[in-house]
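Report on the structure given below.
The values are calculated or read from the model by the stated rules, or taken from the named source; none is laboratory data. These figures come from a predicted structure and were not determined experimentally. Positions of Cβ are backbone-derived with ideal geometry, glycine not excepted, and every protein chain shown enters the neighbour counts. For the accessible areas, the whole protein counts, side chains as well, though only heavy atoms, and no ligand, DNA or RNA atoms are used. Shrake-Rupley method; radii C 1.70, N 1.55, O 1.52, S 1.80 Å.
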Amino acid sequence: MKKLIIGTRNPKKREELVKLLEGLPLDIRSIEDYPGLPEVEEDGKTFRENAVKKAATIARLAGELVMGEDSGLEVDALNGVPGVRSARYAGEKATYEENNRKRLKAMEGTPLERRTARFCCTLALANPEGLLFVVEGQCEGFVSQEPKGEHGFGYDPVFYLPDYGKTFAELGPTVKNQISHRAQALKKFRERLKQFI
Ligand code: IMP
């Protein structure tokens, strides 16, 4: 069976991606199975640039098929910030809690109707010769007034979905994996992947 390396070092993202790739005739590997591979710097201006860089670099070095992923939250009232800098919003080594606190502080006094935001996910597939394709997924919601819920990671406790009346962190993985930005991108990814396996 062909190998597919999931090219992200974020264990929570990897967990979601492995679940979303279930059933495909592929031997799914983690980047952590290849200890010699370097950290790929996320210096792109867009999710796409980062996802493509990660997929192409790792595929070339590992000699395998690689999925590169980049994702983050765009908040309309903050002109799309933090976007590609989602992981480093409150500083280079910021924790999820620090990022969430900074986010809520920046939006203090903003009414719910102006707290619109979206999670974006870009997935790129590359083989050792180069990029094969790129797909994107988005999930629309609101930045909540306070963090709620225990599931997930990152901005999940402050991402509120009005149709469910809950944050991603309250909803949990089963619902999140049906509607999230990553799930939307994965649906497209599975379709495109058929050409290559
Ligand atoms: P990366 O791991 O450097 O790509 O950073 C992406 C950042 O975006 C993560 O560290 C989270 O802060 C945020 N993010 C991306 N996807 C999600 C998600 O599904 N839930 C919550 N936060 C997310």
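Worth pointing out:
- All conditions but one from (1) in contact with a Lys or Arg (Cβ under 9 Å, 6 or more places away or on another chain); (2) within 28 Å of I5 (Cα to Cα); (3) open to solvent by less than 10 Å² (accessible area, probe 1.4 Å); (4) not aliphatic (A, V, I, L, M) apply to F119; the one that does not is (3).
- Search result, residues across the stretch 38-75 that are more than 16 Å from the ligand (Cβ to nearest atom) and either outside any helix (DSSP H, G or I) or modelled with pLDDT under 95 (or both): G63, E64, L65
- Cβ-Cβ under 6 Å pairs, at least 6 apart or on other chains, the stretch 77-90 side over 13 Å from T116 (Cα atoms), far side near the ligand (Cβ under 9 Å from one of its atoms) and in a loop (DSSP other than H, G, I, E, B): P82/Y89
- Search result, residues across the stretch 8-32 that are assigned to a loop (DSSP other than H, G, I, E, B), open to solvent by less than 20 Å² (accessible area, probe 1.4 Å) and either polar (S, T, N, Q) or under 15 Å from A185 (Cα atoms) (or both): T8, L21
- Qualifying positions in the stretch 24-63 - on the phi < 0 side of the Ramachandran plot and of a type in the set (G, A, S): S30, G36, G44, A51, A55, A56, A59, A62
- Qualifying residue in the stretch 149-166 (condition: open to solvent by 10 Å² or more (accessible area, probe 1.4 Å), more than 23 Å from A77 (Cβ to Cβ) and without any contact (Cβ under 8 Å) to a residue 12 or more places away in the chain): no
- Residue within the stretch 166-178 that is of a type in the set (V, I, T), part of a helix (DSSP H, G or I) and closer than 30 Å to L65 by Cα present: yes
- Residues of the stretch 76-104 that are within 19 Å of T8 (Cβ to Cβ), part of a loop (DSSP other than H, G, I, E, B) and among the hydrophobic types (A, V, I, L, M, F, W, C): A94 alone.
- Taken over the stretch 79-115, the criterion of being open to solvent by less than 40 Å² (accessible area, probe 1.4 Å) and under 20 Å from Y160 (Cβ atoms) is satisfied by G80, P82, G83, S86, Y89, N99, N100, R103, L104, M107, T110, R115.
- Scan the stretch 1-37 for residues that are more than 11 Å from the ligand (Cβ to nearest atom) and either touching a His at 6+ places or on another chain (Cβ under 9 Å) or of a type in the set (A, V, I, L, M, F, W, C) (or both) and the total you get is 12.
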